[in-house]
Amino acid sequence: MRIVLMGPPGAGKGTQAKLMRERTGMAHISTGDLLRKAVSAQTALGLAAKGYMDRGELVPDTLVIGMIDHCLRTDGVAASFMLDGFPRTVTQAEALEDTLKTGQVPLEHVISLAVPREELVRRLSGRRTCRQCGAMFHVAFDPPRQEGICDRCGGALYQREDDREETIRARLDVYDRSTAPLENFYRARGLLREIDGTGSTTDVLDRVLVHLEAGRAA
Ligand code: AMP
């Protein structure tokens, strides 16, 4: 299956994608994770992207499109994947459509997770991420067993530069401006489904899976 997961920062795209990967074994491609890896490895891409990311702005389309194209075309255009955090602009969506056309593997679902803005700010400002394995916790809603230490791998937890309150608001504004028009792009193609992203992670996963199953049966 080929799925795009959309939604503002903090809507739970990464969490849902990881749960779906565990359930279905599908590849999970997160542009945010790939870019953070490039930043810590100090590659040319990472050095070019870091400033934009720290300010909560979008990394330029050409850089991100090049990165994802490379990822999807390794061993031919991937036939099954979940994209998390890409596309974020109409230009990126058009580039993705072209790449998938080449491999004759069109997108099947675009899921947009909807969460009220104040809830997003609460989720993001309390988020802590493992430096080693990328696992995410929340200081109030999902605290680690030992403060500052990842339950999974023992790595150190930190607050991402872009999870600070001022940057969070900038990221949400960027989402409203650049990414929301994407919904129209995918709505026009009959691919978009908005899903309530509030409640427990398993509640949200159930809603997503019910939608995907309905698509399979149709
Ligand atoms: P995320 O982890 O998805 O919230 O992404 C973190 C940051 O990486 C974003 O605030 C952007 O600066 C950058 N980024 C991730 N995906 C994209 C994308 N598709 N286009 C442009 N910038 C991106």
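Here each label is just a point 7 Å from Cα along the line to Cβ, and for S200 and E97 those points are 4.0 nm apart. Considering the chain, its Cα convex hull presents a mean projected area of 11.8 nm².
Highest GNM mean-square fluctuation among S200, S40, S178, for the chain modelled with Cα contacts below 10 Å: S200. For region 1-56, the alpha-carbon coordinates run over 34, 21, 16 Å along the three principal axes, in decreasing order. Accessible surface area normalised per residue over region 102-218 is 56 Å², counting heavy atoms of protein chains with a 1.4 Å rolling probe.
The three principal axes of the Cα atoms in region 66-157 give end-to-end lengths of 48, 32, 20 Å, sorted in falling order.
Shown for region 96-166: the carbon plus sulfur share of the solvent-accessible area, taken with all protein chains present and a 1.4 angstrom probe, equals 46%. Coupling constants for region 156-162 follow from the phi torsions by the Karplus curve (6.51 cos²θ - 1.76 cosθ + 1.60, θ = phi - 60°), and in residue order they are 7, 8, 9, 9, 4, 3, 8 Hz; glycine and proline get x. At R0 = 25 Å, how high is the FRET efficiency between E183 and Q104 if r is their beta carbon distance? Nearest 0.05 is fine. In this case the efficiency is close to 0.45.
So if each residue of separation counts as 0.36 nm, and I subtract the Cα-Cα distance between E213 and D69, what length gain in nm does that give? Intermediate values should be presented prior to the final figure.
Values: separation 144, 0.36 × 144 = 51.84 nm, distance 2.81 nm.
Length difference between fully extended and current span is 49.0 nm.
Calculated from the alpha-carbon coordinates, region 132-218 shows an Rg and a Dmax of 17.5, 47 Å respectively. Simple rule: put +1 on each Lys or Arg Cβ and -1 on each Asp or Glu Cβ in the chain, find the dipole, and look at P8, A27, L212; the Cα lying farthest toward the positive end is A27. Round to a whole number: what % of the accessible area of region 1-43 belongs to carbon and sulfur, probe 1.4 Å? Carbon-and-sulfur percentage of accessible area, whole number: 51.
The values are calculated or read from the model by the stated rules, or taken from the named source; none is laboratory data. Since this is a predicted model, take the numbers as computed values, not measurements. A quick note on method: Cβ atoms are made from the backbone with ideal geometry, for glycine too, and the neighbour counts reach across all protein chains shown. Each accessible area value is taken on the protein alone, full model and side chains, heavy atoms only, with ligands, DNA and RNA left out. Shrake-Rupley method; radii C 1.70, N 1.55, O 1.52, S 1.80 Å.
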